[in-house]
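We did not get these values from a lab; they are worked out from the coordinates using the rules stated. Small disclaimer: the values here were computed from a predicted structure and weren't measured. In this analysis, Cβ positions are derived from the backbone assuming ideal geometry, glycine residues included, and neighbour counts consider all displayed protein chains.
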Amino acid sequence: MSSRIDTKLSVNLNKVALLRNQRDVGYPSVTRIADLVIAAGAHGITVHPRPDERHIRRSDVYELAALLADKHAGRIELNIEGNPTDDLLALVLDVKPDQATLVPDSPDQRTSDHGWDFEADGERLGPIVARLKAAGVRVSLFVDPVVADVAAAARTGTDRIELYTEPYAAAHARGDYAGILGEYVRCAEEAVRLGLGVNAGHDLNLDNLPALRDAMPMLAEVSIGHAITADALRIGFPGAVEAYLAALR
C-alpha cells in the first residue's frame, strides 16, 4: 500500500464561465471567483477551453495565468485541460501552465466522457507529451479505470494519469461501488509502480469523494467543477471549497 499523501483540490471554473457567457454584463467574473476559491484554500485552478468558447474563453486562460503569476506564483497551480489540437497546444505552450491534462473529447461533446484509446492514439500522444514536457509543463492523460490503459499511458512518457471517475460516481449513487472502486485502486497502484502520479476527476462530489480518497492514499489531485459549483449555489464558493477540503481529509 502506498503511503498517504495530501490530495490537492483544483477547482474547475468552466461552469462559472458558462453562467457569465449567458449575458453580456461581464459577471460572474472568472478571475474574482478564482480569488475566492484560492482564499478558501483551493490548491489549483482548472480550465477546459473548447473551440467554441461556450464557457472558458482563451482570454480567460490568459487572465487567470496572469492572476496566478502576479498573486500566487509557485503556490497555486494552473491546469489546462483539452484535446491536444494544434490550437490548444499553441495556447498551452504560450501560457505554460503547471499542468496540461489531455483528454480525447470532440468539439461537440458536452463533457469529457471517456479516457484515451491508446491502441488508436498512443503513438500520436508520445511526441505531444514530449513536446509539452520539454516546455516545462507537467502532463496528465485522461484514462479509463483499466490497468492495461495505465500501462499504455506510461509508455507515452506522461507524468501523471487522471482516472475518469464517472463509472465510480454512478456506482456510488446506486450504493454498490465496492467492486468498481477496487478497479480504481488497482489502476492507481499500477500507476505508482510505473512511476506515475495519480489524479482523478469527473462527477466527484461530497458524497462519493471520501470513499475514493480513503481507498487511494496515493491520490495527488482531484479536479472538481460541476458539483462544487452546484454546492456553491447553496453555501457559497468559500463554503463549498472548505467542504471539499474537509472531504479530502
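Things worth noting here:
- Under-5 Å amide H pairs with residue 194, H placed in peptide plane, nonlocal only: none
- Residues of region 223-249 with amide N under 15 Å of the 7 Å Cα→Cβ point at residue 32: 237-238
- Derived scalar couplings ³J(HN,Hα) [region 240-246; Karplus, 6.51 cos²θ - 1.76 cosθ + 1.60; whole Hz; x for Gly, Pro]: 5, 4, 4, 5, 6, 5, 5
- Cβ-Cβ distance of residue 21 and residue 206, R₀ of 22 Å, FRET efficiency by 1/(1 + (r/R0)^6): the value works out to about 0.25.
- Near the amide H of residue 219, within less than 5 Å, lie the amide hydrogens of 5, all on another chain or at least 5 residues away, with H placed in the peptide plane.
- J(HN,Hα) series, region 166-177, from Karplus relation 6.51 cos²θ - 1.76 cosθ + 1.60, nearest Hz, glycine and proline x: 4, x, 5, 4, 5, 5, 4, 5, 7, x, 9, 10
- Put simply, the amide H of residue 101, placed in the peptide plane, has neighbours under 5 Å in 80, 81, 82, 140, leaving out anything fewer than 5 places away on its chain.
- Build a GNM of the chain with springs between Cα atoms under 10 Å apart, and of 205, 12, 79 the one that fluctuates most is 205.
- Computed [θ] at 222 nm, deg cm²/dmol, the chain (DSSP H ≥ 4; -39,500 (n - 2.57); rounded to nearest 500): -15500 deg cm²/dmol
- Point-charge dipole on Cβ atoms (K/R +1, D/E -1) for the chain, about Cα centre, debye to 20: 680
- Partner lysines for residue 133 [C-alpha distance under 22 Å; skip if fewer than 8 residues away on the same chain]: 8, 96
- The residues neighbouring residue 209, those whose beta-carbon lies less than 12 Å from its own, together hold a net charge of -2 under the Lys/Arg +1, Asp/Glu -1 convention.
- GNM remark for the chain: springs join alpha carbons under 10 Å apart, and the peak mean-square fluctuation among 51, 167, 127 falls on 127.
- This model, with +1 at the C-beta of Lys and Arg and -1 at the C-beta of Asp and Glu, gives region 123-234 a dipole about its Cα centre of some 460 debye.
- Whole-Hz Karplus values for region 146-154 come out as 10, 4, 4, 6, 5, 5, 5, 4, 4 Hz, taken residue by residue from phi with 6.51 cos²θ - 1.76 cosθ + 1.60 and θ = phi - 60°; glycine and proline positions read x.
- Fluctuation leader among 131, 234, 160 - the chain, Gaussian network, Cα springs under 10 angstrom: 234
- Farthest toward the positive end of the dipole of the chain, out of 139, 192, 45, is the Cα of 45, where the dipole comes from beta carbon charges about the Cα centre.
- Three-way shape label, region 8-248, alpha-carbon gyration tensor, a/c 1.5: oblate
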